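Throughout, read-outs are computed from the coordinates displayed, never taken from laboratory work. Since we're looking at a predicted model, the values are computed, not measured. We place every Cβ from the backbone using ideal geometry, glycine too, and count neighbours over all the protein chains shown.
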Amino acid sequence: MTISATDVGWGDIYKELGARPIVNAIGSVTMLGGSSPPAEVREAMERANDAYIPLMELQDKAGAAIAAMTGVPAAYITAGAGSALTLASAAVMAGTDDQRIQQLPDTTGMKNEILIQTRQRYWYDRCLELAGARLVEFGDPERTTTDQLDAAIGPKTAAVHYFAVEQSPDPDALSLEATIEVAKSHGVPVLVDAAGQIYPLDNIGKYVRMGADFQCVAAKYIGAPHSTGYALGTKKMISTLALQSFAAYEGRQVRGIGRPQKVDRQEMVGAVVAIKRWLTMNHEDRLADAERMSGAIIERLQGILGVTVTPLDNVVGHLAFGLRLEFDQDITGMTASDVVAQLKKGDPPVFTRKLAGEDYISIHVFGMRDGEEKLVGDRIAALFG
């Protein structure tokens, strides 16, 4: 059964706490709760609730199942893609040495530099630093070359990091292929943040198959619990990463930095079922639904004086279709920021977002239930009379 903001009882569990449920017109974002696992994932989690199991064993078995499904040597379930990055950085610095594992985030005596392209600095690279690593930039703001990476690798280099963005690849960044070639010539591992690269399906595990040692995936994008992620990689990398985790902290009695990053046994099972579902579901239907819902919003906003509506036709990655809204303040009397603020004041609040440096709003239907796209379109249109 589909429940939307137009139904009686919607969000009551939050209202009982004095909190206001909202309509999510942004997409799968952490600040709004990430994801809504489908029925089969929730049912699997409920079944997992009936019995206990040693979590190191469950991690091994769940990881083996995910690795087999994604065509990589090994996999591990983490507390989101950000947790996977933190554990991976710990792994390349401390390795399998228990004393070093317990020494982190103090990296004295360890290789502790992770190289990252100047052109690829991004909001979530912070996760690489939490275990004590130091990010070192290479390349120019305008362009990155293989010679620059080659020159940047030194005695303190623990890994080279790469940010994968299939939706809009940067032609002036050093490619992953070239990154792997140079790094491997120095015996340095390559880490890839591919959190949102979940479609086409080949992207899940693609970068490991290309030769990277590790890639992370945000499991929330494929219907797994919000607080789960996948670390995919070589057997050496994943087995070392596992030593840093919360399960190993208790199961091995070695105090690694991953202790706060717990994953429930129920969530682990949900993450396995979610990726199996994602790899076997009908994505043509999924994309058709996203296009239909996006079109319903566009239809309600076309023709409004001073409002420019641009359909988004991207289907790669985690946000399919959607639309972009721009506002002529001289005509509408409102900026994009004004629209965001006004939509939040309604009942129910509709959450949209204008990112820093942008003068438009992007709308996505990932977090909407059937029928909510009409509510969103009507609410925005009503702002302009």
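Here are the numbers for this structure:
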| quantity | calculated |
| --- | --- |
| Sequence of His226, His161 once ranked by neighbouring C-beta atoms within 10 Å, starting from the fewest | His226, His161 |
| Taking Ser168, Ser362 and counting other C-beta atoms within 10 Å, the order from fewest to most | Ser168, Ser362 |
| Estimated FRET transfer efficiency (Asp202, Arg143; beta-carbon r; R0 25 Å; 0.05) | 0.35 |
| The chain: radius of gyration and largest Cα-Cα distance (Dmax), Å | 22.3, 66 |
| Protection-proxy order for peptides 334-343, 173-182, each taking the mean of Cβ atoms within 10 Å per residue, highest first | 173-182, 334-343 |
| Residue order, fewest to most beta carbons within 10 Å, for Ser185, Ser239 | Ser185, Ser239 |
| Greater than 22 Å apart at Cα, pairs in Lys61/Lys111; Lys220/Lys374; Lys111/Lys262; Lys61/Lys262; Lys344/Lys374 | Lys61/Lys111; Lys220/Lys374; Lys111/Lys262 |
| Cβ-based net charge around Arg369, under 12 Å, with every Lys or Arg adding one and every Asp or Glu removing one | -4 |
